[in-house]
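A.B. asks: Have a look at this one.
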Amino acid sequence: MMKNKKLAKNIADVSWHKFYTYLEYKTKWYARAIHKIDKWFPSSKICSYCGHVMEEMPLSIRKWDCPKCGIKNIDRDVNASINILKQGIKELKKENVA
């Protein structure tokens with residue numbers, strides 16, 4: 001992105017902050033809520049089919065095979081989005097019960 005890594009990170013952080021601020025505005029406008037998932041939740045390391053957690057997964061791996069259930073060619077980003085959705089639903093159900 002840029003030669004100055006710190007500056008590049010700060011610019012990226014501002015972009016995410018701006019997006020989140022806009023999202024907050026829209027959720028209030030439509031009387032909705034935002035639920036944040038813990039940033040350390042291992043969404044891309046969990047198989048969205050069987051729940052197996054991979055110990056190591058470098059960012060260079062974009063597609064992987066689950067050693068437990070045998071599902072092949074799992075796209076890292078699609079898998080992570082499914083896991084984030086599942087985790088959000090799980091946490092919201094837990095909050096509504098308590």
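Derivation of every value follows stated rules applied to the coordinates shown; laboratory data play no part. In this text, all values refer to a predicted model and were calculated from it rather than measured experimentally. Please note: Cβ atoms are built from the backbone with ideal geometry, for glycine as well, and neighbour counts cover all protein chains shown.
A.B. asks: So what are the radius of gyration and Dmax for the Cα set of region 1-60, in Å?
C.D. replies: When restricted to the Cα atoms of region 1-60, Rg and Dmax are 16.5, 42 Å.
A.B. asks: Still on this model: What Rg and what Dmax come out for region 36-98 when only alpha-carbon atoms are used, in angstroms?
C.D. replies: 12.5, 40
A.B. asks: What ranking do Ser81, Ser48, Ser15 get, fewest neighbouring Cβ atoms within 10 angstrom at the top?
C.D. replies: Ascending Cβ contact count within 10 Å gives the list Ser15, Ser81, Ser48.
A.B. asks: Next up: Return the lysines within reach of Lys90: Cα separation strictly under 25 angstrom, same-chain partners fewer than 8 residues apart disregarded; answer none if there are no such residues.
C.D. replies: Once the sequence-local lysines are set aside, what remains near Lys90 is Lys26, Lys28, Lys36, Lys39, Lys45, Lys68.
A.B. asks: Follow-up. Restricting to DSSP H runs of at least four residues, report the calculated mean residue ellipticity at 222 nm for the chain, -39500 (n - 2.57) per run over all residues, nearest 500 deg cm²/dmol.
C.D. replies: Calculated at 222 nm, the ellipticity per residue is -17000 deg cm²/dmol.
A.B. asks: Further, regarding this structure: Excluding residues on the same chain fewer than 8 positions from Lys63, give the aspartates and glutamates whose Cα lies under 17 Å from its Cα.
C.D. replies: List returned: Glu55, Asp75, Asp77.
A.B. asks: For region 1-52, which chymotrypsin sites (Phe, Trp or Tyr not before Pro) pass both filters: DSSP loop (anything but H, G, I, E, B) and at most 10 other C-beta atoms within 10 Å?
C.D. replies: Tyr30, Trp40
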